[in-house]
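Have a look at the structure below before the remarks.
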Amino acid sequence: MHILKLRDGEEFIKLGQALKATGLADSGIDAKEFIQQGLVLVDGEVETRRGRKLYDGAHVEFDGESISIQA
């Protein structure tokens, strides 16, 4: 499991940015493709918007890996 801490003063991170920040996507283009193909789950639901805002406590799953968003 990857733990992604939000930067000081930030309330959220966008889904595409989270995939890149944890190394699950090599680029923004890759992240966009994975998300648009319906391969990414946010809190157990398929998410197709790469701009989806992830707040503290959100849980992302992709390709057998998971990301936990923490403040």
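The values are calculated or read from the model by the stated rules, or taken from the named source; none is laboratory data. These numbers come from a predicted model, not from an experiment. We place every Cβ from the backbone using ideal geometry, glycine too, and count neighbours over all the protein chains shown. These area figures cover heavy atoms from the full protein model, side chains too; ligands, DNA and RNA do not enter into them. Shrake-Rupley method; radii C 1.70, N 1.55, O 1.52, S 1.80 Å.
Expressed as a whole percentage, what fraction of the accessible surface of the chain belongs to carbon and sulfur atoms when a 1.4 Å probe is rolled over the protein heavy atoms? Here it works out to 43 percent. Accessible surface computed residue by residue for the chain, with neighbouring protein chains in place and a 1.4 Å probe, gives 63 Å² per residue.
Taking packing as the residue-averaged number of other Cβ atoms within 10 angstrom, the listed peptides 33-46, 11-24 run from highest to lowest as 11-24, 33-46. Here the 3J(HN,Hα) profile of region 53-60, calculated from phi with Karplus coefficients 6.51, -1.76 and 1.60 at θ = phi - 60°, is 7, 10, 9, 3, x, 5, 10, 10 Hz, Gly and Pro shown as x. Couplings for region 20-29, taken from phi via the Karplus curve 6.51 cos²θ - 1.76 cosθ + 1.60 with θ = phi - 60°, read 5, 4, 8, x, 6, 10, 6, 8, x, 5 Hz in order; Gly and Pro are left as x.
Largest first and in whole Å, the equivalent-ellipsoid semi-axes of the chain read 17, 12, 11, each the square root of five times a Cα gyration tensor eigenvalue. Put simply, the amide H of K14, placed in the peptide plane, has neighbours under 5 Å in L54, leaving out anything fewer than 5 places away on its chain.
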